[in-house]
Every structure is written in structure tokens, then in C-alpha cells.
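Rule-based calculations on the coordinates, nothing more; no lab input. Treat the numbers as computed from the prediction; the structure is a model and nothing was measured. Cβ atoms come from the backbone with ideal geometry, glycine included; neighbour counts cover every protein chain shown.
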Amino acid sequence: METKPLIVIVGPTASGKTALAVDIARQFGGEIICADSRTVYKGMDIGTAKPTKKEQAQVKHWGLDLVEPNQKFSVAEFKEYAVSKIEEIRTRSKIPFLVGGSGLYVDAVIFDYQFGPKADEDRRRELEKKSIEELYEYCKKHNIPLPENKKNKRYVIRAIEQKSINNKRRIKPIKNCNIVGISTEPSILRERIERRSEQIFEDGVIEEAKKLSNMFGWDHESMTGNIYPLCKKYLNGEMTLDEAKQKFITLDWRLAKRQLTWFKRNPHIKWLDLAEAKKYLDSLLETEQ
């Protein structure tokens with residue numbers, strides 16, 4: 001029996017990729033690995049827009065709730081986890097789906113990134129003492145490319161630590177891998193982001209953030225996502241609820257544009273709208289039955 005293909009579905013936040021993946025995986029006997037750097041954290045369900053309990057009940061999901069919010073989780077650890085799960089899913093004669101918007105997580109798997117040793121904590125502390133301008137100068141002096149999100153100091157430090165990590169990868173994707181990108185009209189995507197902002201606040205993200213901060217504090221990587229710092233400002237009286245909602249829409253819109261910029265560099269992605277992607281994957285997977 002031939003190995004089941006790896007189906008990769010990527011796209012910006014709020015593009016509808018999760019619902020599509022659940023629909024197709026349920027139809028063809030698949031299991032989903034979430035490629036999202038936020039949903040790995042336990043207890044962060046609303047703010048990270050995890051697949052709903054209903055979606056998780058329909059199809060087996062992996063990559064969720066792997067660590068506590070005060071624990072670190074690297075892309076290297078995700079790659080190791082995802083590769084293991086892909087193999088495991090295939091041994092059950094199921095189809096593995098890798099679904100998400102965290103470009104580095106996805107690329108680490110499909111381009112088989114080879115990671116170096118873990119970060120030296122002493123060196124990291126020294127780098128953290130430097131200003132963002134000093135880090136830029138360090139990168140320029142040592143010929144280290146700045147990361148996509150170069151305004152984020154943590155990403156710049158990680159680029160310095162990893163150095164040439166992105167050169168240690170395949171040029172083409174791994175075998176038996178089909179990659180689909182969800183293409184969405186900007187106006188429609190913006191509307192979805194606005195609707196999701198309302199939904200996340202209605203679902204109780206403020207209460208979730210308050211609970212998490214009481215348990216773990218605010219000073220962890222997990223709490224730096226778009227939504228939680230806004231919740232903190234609201235709880236501190238620095239921002240009204242409406243201001244928090246509007247700011248979240250702006251930040252999510254910027255995130256979506258960064259995600260698209262990342263994925264558009266990959267020429268191996270087949271870009272389709274939701275309806276086209278459904279039709280394409282249906283046709284592709286019918287041959288596997």
C-alpha cells in the first residue's frame with residue numbers, strides 16, 4: 001500500500017482554512033496537525049482562535065495544548081513533533097493534514113529544516129540587553145539577514161542565534177506533499193477579521209486573559225500575541241473595550257499581510273479560493289480511496 005499524501009493547507013488568519021481542513025479531513029479520513037505557534041499553549045483557547053470543541057470532535061487534532069503558557073516551545077520542537085505525528089497518522093492508514101498560518105512552522109516540516117543546538121541562555125541574555133538598533137548593526141556586521149518581523153526584538157535575536165539556519169533546508173518540498181494556499185479577496189478577509197474580533201470578545205477573551213495572567217503573569221512569550229496585551233491594557237483601564245476591539249482588528253490585519261508575504265515566497269503553493277480548494281482537494285483525495 002502506498003504512503004498517504006501529506007496535505008498542507010496554509011493561508012492568513014481568518015481565511016477559513018481550519019473549517020475547510022475539518023470538512024475535507026472528515027470526508028476522507030484524515031487527522032489534522034495544527035501548525036500554529038500560539039495554539040500549542042494550554043488554556044489559551046479563545047485568544048488563539050483554536051479549532052472549536054465541535055471541530056475537534058469531528059476530526060482528530062494534534063499540535064494543540066502541548067505546553068503551559070510559561071514554558072518555551074521552539075520551531076525545532078514543533079518540527080520533530082509534527083514529523084512524528086505525520087508518520088503515526090500514516091501508520092493508521094489515515095491522511096495527515098498540516099494546517100496553519102505560522103509560516104516558519106510549516107516550512108520547517110515541508111522543507112525539512114535542520115536545526116542547530118538550542119540557544120545559549122547566557123548569550124541570549126547579553127543580546128537582550130542590546131537595543132533593537134544595536135542588534136540591526138550586529139546583523140549587518142555579521143551578514144545575518146533580518147527576519148520578516150524585524151521590528152520584533154525577539155525575532156531579531158533568534159535570527160542571530162540561528163545564523164544560517166534557513167540555508168540548511170531542502171530547495172523543494174518533501175516527497176508526497178501537496179500544498180494549498182487559501183486565497184481571499186482583501187475586502188472579504190478584512191470583513192472576516194472584523195467579525196472574528198467581535199466573536200473573540202463575546203466568547204470571553206478578557207476573562208481568559210485575566211485567568212492566565214493570575215496563573216502565569218504577563219511576561220511570557222505566550223502572552224505577547226495580538227490579543228493578550230490589549231486585554232491587559234483594558235484590564236488596567238488604559239483602553240476601552242471598543243478601542244481594544246478596533247486595535248485587535250488592525251493588528252490581525254497586519255498579521256494577515258505578514259503571513260501572506262511569507263507564504264507568497266514559496267512557489268510550490270497552489271493558491272485557490274475556498275471553493276476551488278475544496279474542489280481541488282476532493283479530486284486529489286478521491287484517488288486515494
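Selection of the range 1-52 for residues being assigned to a loop (DSSP other than H, G, I, E, B), of a type outside the set (D, E, K, R) and closer than 23 Å to Ile174 by Cα yields Met1, Thr3, Pro5, Gly11, Pro12, Gly29, Ala35, Ser37.
Yes/no matrix, rows are residues, columns are (1) touching a strand residue (DSSP E or B) at 6+ places or on another chain (Cβ under 8 Å); (2) among the basic types (Lys, Arg); (3) touching a residue at least 24 places away in the same chain (Cβ under 8 Å); (4) buried (at least 19 other Cβ atoms within 10 Å of the Cβ):
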position: Arg90; (1), (2), (3), (4): yes, yes, yes, no
position: Ser93; (1), (2), (3), (4): no, no, yes, no
position: Gly100; (1), (2), (3), (4): yes, no, yes, yes
position: Gly103; (1), (2), (3), (4): yes, no, yes, yes
position: Ile110; (1), (2), (3), (4): yes, no, yes, yes
position: Arg125; (1), (2), (3), (4): no, yes, no, no
position: Ile132; (1), (2), (3), (4): no, no, yes, no
position: Tyr136; (1), (2), (3), (4): no, no, no, no
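If the condition is being assigned to a loop (DSSP other than H, G, I, E, B) and more than 22 Å from Val180 (Cβ to Cβ), then the range 53-92 contributes Asp65, Leu66, Glu68, Pro69, Asn70, Gln71, Lys72, Phe73, Ser74, Arg92. Per the listing Phe78, Phe73, the residue uniquely without any contact (Cβ under 8 Å) to a residue 60 or more places away in the chain, of a type in the set (Phe, Trp, Tyr) and surrounded by 20 or more Cβ atoms within 10 Å (Cβ to Cβ) is Phe78.
Residues checked against (1) assigned to a loop (DSSP other than H, G, I, E, B); (2) in contact (Cβ under 8 Å) with a residue 40 or more places away in the chain; (3) basic (Lys, Arg):
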position	(1), (2), (3)
Glu161	no, yes, no
Arg169	yes, yes, yes
Lys175	yes, no, yes
Val180	no, yes, no
Ser187	no, no, no
Glu194	no, yes, no
Lys211	no, yes, yes
Ser222	no, yes, no
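Filtered by the rule that a residue be among the acidic types (Asp, Glu) and either within 11 Å of Pro12 (Cα to Cα) or in a helix (DSSP H, G or I) (or both), the range 251-286 gives Asp252, Glu276, Asp282, Glu286.
Matching residues to (1) in contact with a Cys (Cβ under 9 Å, 6 or more places away or on another chain); (2) in a loop (DSSP other than H, G, I, E, B); (3) of a type in the set (D, E, K, R); (4) at positive phi:
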position	(1), (2), (3), (4)
Pro96	no, no, no, no
Leu104	no, no, no, no
Ala108	no, no, no, no
Asp112	no, yes, yes, yes
Asp122	no, no, yes, no
Glu126	no, no, yes, no
Glu133	no, no, yes, no
Tyr136	no, no, no, no
